[in-house]
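To start, the structure itself, in structure tokens.
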Amino acid sequence: AKADGKNLYRFFDAAMNTLSDQRFVLLKDLRKAVKKDELRLYYQPKVNLHTGELVGAEALVRWQHPERGLLTPVDFIELAEETGQIVDIGNWVLREACKQCKAWHLAGHENLEIAVNLSSVQFTRGTLEKEVVKALTQAGLEGCHLELELTESLLLGDAENVRCQLSDLRRHGVSFSIDDFGTGYSNLGYLSKFHLESLKIDQSFVRKMLDSKQDLNIIIAIINIANSLGLATVAEGIEDALELERLTELGCDLGQGYYWSKPLAAEAFSELIQRING
Ligand code: C2E
Ligand code: CA
Ligand code: CA
Ligand code: CA
């Protein structure tokens, strides 16, 4: 039994090493990913549930790794946050997303908005406002077409510092939404402290809403909170017609999910705009 234990230990030790080796290799590659032009943006439609119209897109980053293929955020965002590389990546995402939104405007879809995810790490250097303005200016995009998606934990962290940066950003017309709403801390006091546009109902609630009364009730509660604070609601992860129907009945304003489309490369997204908005 003793020998077995030792072997088991060796086995875990080896497995751990490979894991950290992999992280190390990925880390080295990630450092060059922006320079080597390996990042890609995919776009998922946001649809107005009252009118059925496509009103914008959320930009979601991918990494076209030379050996490993197309990596999704689960494979590298956490690592990028730990090492601070998310700042460069996030700045690239902002620039690319604004450029693409402007391209859709020039193609005749002047009202489309673009939403970009922000990491809390992007608030630590005090350069976010400058980077956002740079992205807007380079693209020739008005700030009112850019929406920044924030997490609950970000607003609860160093709230004073974050609040200052958000109000600086607001002066350029950009708006803010809370991502994955309902999964973070239940301190609701912060909602009225920040000037927010919308709450995004986390997809875990939408996924279960047809089977679980409890999840349905959470969605109803979130819509009520949003309504009483004058915020819009966005349901994430809508996959089928029944979910869409129920959320529309409940008065949810916007929706996102595979029901309309997975995140798409820019070209395919342009075709989707045509298909939905004509
Ligand atoms: P998120 O912001 O909550 O984005 C929604 C995620 O749900 C996306 O995964 C999207 O592909 C997926 N999704 C959308 N509709 C459906 C659906 O109907 N069913 C299911 N099962 N999934 C759906 P993705 O693209 O893998 O992104 C994962 C997370 O990575 C994002 O979650 C976001 O937190 C983060 N992320 C993505 N891009 C960026 C970025 O540029 N910067 C930062 N900081 N984080 C990013
Ligand atoms: Ca998001
Ligand atoms: Ca706006
Ligand atoms: Ca989300």
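The values are calculated or read from the model by the stated rules, or taken from the named source; none is laboratory data. Since the structure is predicted, the reported quantities are computational estimates derived from the model, not experimental observations. Positions of Cβ are backbone-derived with ideal geometry, glycine not excepted, and every protein chain shown enters the neighbour counts. All accessible areas refer to the heavy atoms of the entire protein, side chains included, with ligands and DNA or RNA removed. Shrake-Rupley method; radii C 1.70, N 1.55, O 1.52, S 1.80 Å.
Miscellaneous remarks
- Looking across region 87-99, just one residue is of a type outside the set (Asp, Glu), open to solvent by 30 Å² or more (accessible area, probe 1.4 Å) and more than 20 Å from Thr124 (Cβ to Cβ), and that is Lys99.
- Scanning region 171-196 for residues that are away from ligand 2 (no atom under 13 Å from the Cβ), modelled with pLDDT of 95 or more and not hydrophobic (A, V, I, L, M, F, W, C) yields Arg171, His172, Gly173, Ser175.
- Lone unmet requirement of (1) away from ligand 2 (no atom under 16 Å from the Cβ); (2) free of Cβ contacts under 8 Å to residues at least 24 places away in the same chain; (3) among the β-branched types (Val, Ile, Thr) for Val74: (1)
- Strands (runs of 3 or more DSSP E) lying entirely in region 100-203 (those with 1 or more residues that are farther than 25 Å from Ala266 by Cα and either open to solvent by less than 30 Å² (accessible area, probe 1.4 Å) or out of contact with any Asp or Glu (no Cβ under 8 Å at 6 or more places or on another chain) (or both)): 175-181, 198-201
- Test: residue in region 64-86 that is assigned to a helix (DSSP H, G or I), more than 10 Å from ligand 1 (Cβ to nearest atom) and open to solvent by less than 20 Å² (accessible area, probe 1.4 Å): yes
- The sole residue among Ala232, Ala221, Ala241, Ala265 that is within 15 Å of Pro45 (Cβ to Cβ) and of a type in the set (A, V, I, L, M) is Ala265.
- Residue, surrounded by the most Cβ atoms within 10 Å (Cβ to Cβ), within region 22-31, restricted to residues that are among the charged types (D, E, K, R) and either closer than 14 Å to Arg68 by Cβ or in contact with a His (Cβ under 7 Å, 6 or more places away or on another chain) (or both): Asp29
- The number of residues in region 107-124 that are closer than 18 Å to Pro45 by Cα and either basic (Lys, Arg) or more than 16 Å from ligand 4 (Cβ to nearest atom) (or both) comes to 7.
- Any hit, region 61-70, residues being under 19 Å from Ala139 (Cα atoms) and either within 16 Å of ligand 2 (Cβ to nearest atom) or in contact with a helix residue (DSSP H, G or I) (Cβ under 9 Å, 6 or more places away or on another chain) (or both): yes
- Residues satisfying the stated conditions in region 139-167, i.e. charged (D, E, K, R), more than 18 Å from the chain's Cα centre (by Cα) and modelled with pLDDT of 95 or more: Glu142
- Extreme residue, surrounded by the fewest Cβ atoms within 10 Å (Cβ to Cβ), among residues of region 43-55 that are in contact with a helix residue (DSSP H, G or I) (Cβ under 8 Å, 6 or more places away or on another chain) and part of a strand (DSSP E or B): Leu54
- Of all the residues in region 214-259, those that are open to solvent by 50 Å² or more (accessible area, probe 1.4 Å) and over 28 Å from Ser192 (Cα atoms) number 7.
- If the condition is being within 13 Å of ligand 1 (Cβ to nearest atom) and on the phi > 0 side of the Ramachandran plot, then region 164-211 contributes Asp180, Gly182.
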